[in-house]
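Structure, as structure tokens:
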Amino acid sequence: MPMNRILPLAAATVIVVVAALWFTFGKEGPKPYMVAAANPYAAEAGAEILAQGGSAVDAAIAVQAVLTLVEPESSGLAGGAFMLHWTPGGDKPDAYDGRETAPAGATPDMFLGDDKKPLGIIPAILSGRSVGAPGAVALLALAHKEHGHLPWAKLFDRAIELSENGFTVSDKLAAAVARDPALAMMPASQDYFFTTDASGKRVPVAAGTTLKNPLLAATLKIIAAEGADGFYKGPVAQSIVDAVHAAPSRPGTLSMADLAGYQAKHRDALCRPYRAYKVCAMPPPTSGGIATLQILGILEHFDMGDIEPMSLTAVHFIAEAEKLAYADRGKFLGDPDFVHVPVEALLNSDYLGERTKLIDPSQSMKVAKPGTLNDKQADAQGTNVSVAYPSTSHFAIVDAEGRVVSMTTSVEAPFGSHLMAGGMILNNQLTDFSFVPEEDGKPVANAVAPGKRPMSAMDPVIVFDKDGDFYAAMGSPGGSRIIGYVTQSLVAVLDWQMDMQSAFDQPRFLDRNGPLEIEEGTSLEKLIPDLKALGHDVLPEKINSGLHGIRVTPDGLDGGADPRREGKVISGVK
């Protein structure tokens, strides 16, 4: 057996193979299910729901509610999300858009300083202006209405219990608090994430201690009892608005009307062939789906399966394809409800074939330029100027009936805006808009506008085999790096036939149309001299991907959790 298919011993705790598939047991026999999520508490909550006969969407609600408590640095109900959901027999997944929206009072220059220059990213994040109307609860409510099996209220039981009785603070959360000095200076967060020692000094919460969140418990009880209205109207909504307006720096304009008017949306999933598979991803306002499908469409011109995994050639081809996709991402992507996004043109096979010709096997192109689409409106746009921080969370779920959820969820930066309301971290997703509304007189597709959704890089993916059956689901946190993390892992699973855990264990590399970032302290560093010889500007970096995914094999369900985080895969049979 090839080494890249052998499950590393160290990964044994985060991968479970269920030794029978649906067709093995038959329709009436036991049926396997699986959850891969970023925190053990969350994975366990989802697995409990599946064991009780809940659907994949039911489990997703339980997972997200618990993540709000135990992984507040990454996601939460006061953030946003994108979900792909597939029902066996369906032609393609349902795509749910729960991206945050800008308030009615938002202006194109809201992230410019008095000197009309873009604010620094930290001042922009740590402000009331960065908070958008959250979309996660509306997304989950819409998906539950269409695909839920268990009562809505039941799905919050575990999160309420943990909030009231406390959970054990993980090393990851403790480290995130300790390295974030701004938390200690913000209202509510300073009291929640810090304690006072004998000398009266504030100290960050320590790993291994028990942390309770009674305010979140109260919020969850309201949402459980009243549905989405319990979040978007009434006291929970008022607490969010009050926190935004009382922000110590640059108060925002988010209003009760902004929250009450929020709507999650159905979108058409983007599906394209890759080798013998069909890869489905989210459409705009996230850029993740288009960018990943562009990279795969370019790589399809190379026989990646015959190229040694993680070799110089593999890294070079993938990095060059990424440059091209990131260049297009910077110019053409935005909220399709507000700007013209040339989706079909960007994914056109002839266009991608022409882009492929720009890749020289013997030399890096350094910096790629956006393509020319012969689309007057799209070609006339300026370049996006925004910064996405590497936070976020992803989970994948397969229920006992074979339904699948692939969901990426975020508050944007670690701890979002650092503001809290109702025991929840409030997002800073509006900093994903371009800070500059135009470039050389050309409008920027991702400029701020009231009611608009900022461009994202979130990239939940579901893959189908040649027969149209579910094959794999995956996604990752990581800001704008998400696209590279997911695409590299798809190549590992689809071209190099790695198991899910081995694909996630790989050293990471990516090129966002700048330096070629490689994961420091890994075997990739031995390629640095040769990569530089090809003209790459190589930048060793600490990489903090958080991939989670599930794959179908002839022997059962194969799950993986990124070893760089604290995720867990849990399986069972119903």
Could you grab the pairs with beta carbons closer than 6 Å, sequence gap of 6+ or different chains, first residue in the range 492-513 and under 16 Å from residue 322 (Cβ atoms) and free of Cβ contacts under 8 Å to residues at least 40 places away in the same chain, second one surrounded by 23 or more Cβ atoms within 10 Å (Cβ to Cβ) and among the hydroxyl-bearing types (Ser, Thr, Tyr)? 508/545
Only one of these is among the β-branched types (Val, Ile, Thr) and at pLDDT 95 or above: 543, 528. Name it. 528
Among (1) assigned to a loop (DSSP other than H, G, I, E, B); (2) at pLDDT 95 or above, the one test that residue 552 misses: (1)
In the range 161-171, anything closer than 19 Å to residue 65 by Cβ and either open to solvent by 40 Å² or more (accessible area, probe 1.4 Å) or in contact with a Leu (Cβ under 9 Å, 6 or more places away or on another chain) (or both) is listed as 161, 162, 163, 164, 165, 166, 167, 168, 169
Of the residues that make up the range 49-56, is at least one surrounded by fewer than 16 Cβ atoms within 10 Å (Cβ to Cβ), part of a loop (DSSP other than H, G, I, E, B), modelled with pLDDT of 95 or more and at negative phi? yes
If I ask for residues that are out of contact with any Lys or Arg (no Cβ under 7 Å at 6 or more places or on another chain) and part of a helix (DSSP H, G or I), which ones from the range 263-295 would you list? 288, 289, 290, 292, 294, 295
Do you know which of the residues in the range 184-199 that are open to solvent by 70 Å² or more (accessible area, probe 1.4 Å) and touching a strand residue (DSSP E or B) at 6+ places or on another chain (Cβ under 8 Å) is nearest to residue 212 (Cα to Cα)? 195
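Matching residues to (1) touching an Asp or Glu at 6+ places or on another chain (Cβ under 8 Å); (2) free of Cβ contacts under 8 Å to residues at least 60 places away in the same chain; (3) of a type in the set (A, V, I, L, M, F, W, C):
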residue	(1), (2), (3)
316	no, no, no
337	no, no, no
347	no, no, yes
351	no, yes, no
363	no, no, no
369	no, yes, no
Among 8, 32, the single one that is in contact with an Asp or Glu (Cβ under 8 Å, 6 or more places away or on another chain), farther than 27 Å from residue 268 by Cα and either modelled with pLDDT under 95 or not polar (S, T, N, Q) (or both) is 8
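Residue-by-condition table, conditions (1) modelled with pLDDT of 95 or more; (2) not in a loop (DSSP other than H, G, I, E, B):
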position: 368; (1), (2): yes, no
position: 387; (1), (2): no, no
position: 396; (1), (2): yes, yes
position: 405; (1), (2): yes, yes
position: 427; (1), (2): yes, no
I'd like to know if the range 562-570 contains one or more residues that are within 27 Å of residue 320 (Cβ to Cβ) and in contact with a Leu (Cβ under 7 Å, 6 or more places away or on another chain). yes
Could you please tell me which pairs satisfy a Cβ distance under 9 Å, a separation of 6+ or placement on different chains, a first residue in the range 390-403 that is more than 30 Å from residue 29 (Cβ to Cβ), and a second residue that is outside any loop (DSSP other than H, G, I, E, B) and open to solvent by 10 Å² or more (accessible area, probe 1.4 Å)? 390/480; 390/481
Quick one: in the range 302-352, of everything that is of a type in the set (Asp, Glu) and farther than 20 Å from residue 512 by Cα, which residue is surrounded by the most Cβ atoms within 10 Å (Cβ to Cβ)? 335
Candidate set: the range 513-546, residues that are within 27 Å of residue 38 (Cβ to Cβ), in contact with a Lys or Arg (Cβ under 7 Å, 6 or more places away or on another chain) and of a type outside the set (A, V, I, L, M); chosen: the one surrounded by the fewest Cβ atoms within 10 Å (Cβ to Cβ): 520
Cβ pairs under 9 Å, 6+ apart, first in the range 522-534 and farther than 18 Å from residue 367 by Cα and of a type in the set (Gly, Ala, Ser), second outside any helix (DSSP H, G or I) and open to solvent by 80 Å² or more (accessible area, probe 1.4 Å): none
Of (1) open to solvent by less than 10 Å² (accessible area, probe 1.4 Å); (2) more than 24 Å from residue 366 (Cβ to Cβ), residue 482 fails just (2)
Which of the numbered conditions does residue 457 fail, given that it passes all the others? Conditions: (1) more than 21 Å from the chain's Cα centre (by Cα); (2) surrounded by 24 or more Cβ atoms within 10 Å (Cβ to Cβ); (3) aliphatic (A, V, I, L, M). (1)
Quick one: is residue 27 farther than 21 Å from residue 544 by Cα, modelled with pLDDT under 95, in contact with a Phe, Trp or Tyr (Cβ under 6 Å, 6 or more places away or on another chain) and surrounded by fewer than 24 Cβ atoms within 10 Å (Cβ to Cβ)? no
Which condition number does residue 299 fail, the rest of (1) within 13 Å of residue 492 (Cα to Cα); (2) open to solvent by 40 Å² or more (accessible area, probe 1.4 Å) being met? (2)
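The values are calculated or read from the model by the stated rules, or taken from the named source; none is laboratory data. These numbers come from a predicted model, not from an experiment. Note: ideal-geometry Cβ built from the backbone for every residue, glycine included; neighbour counts use all protein chains shown. The accessibility values were calculated without ligands, DNA or RNA, using every heavy atom of the protein model including side chains. Shrake-Rupley method; radii C 1.70, N 1.55, O 1.52, S 1.80 Å.
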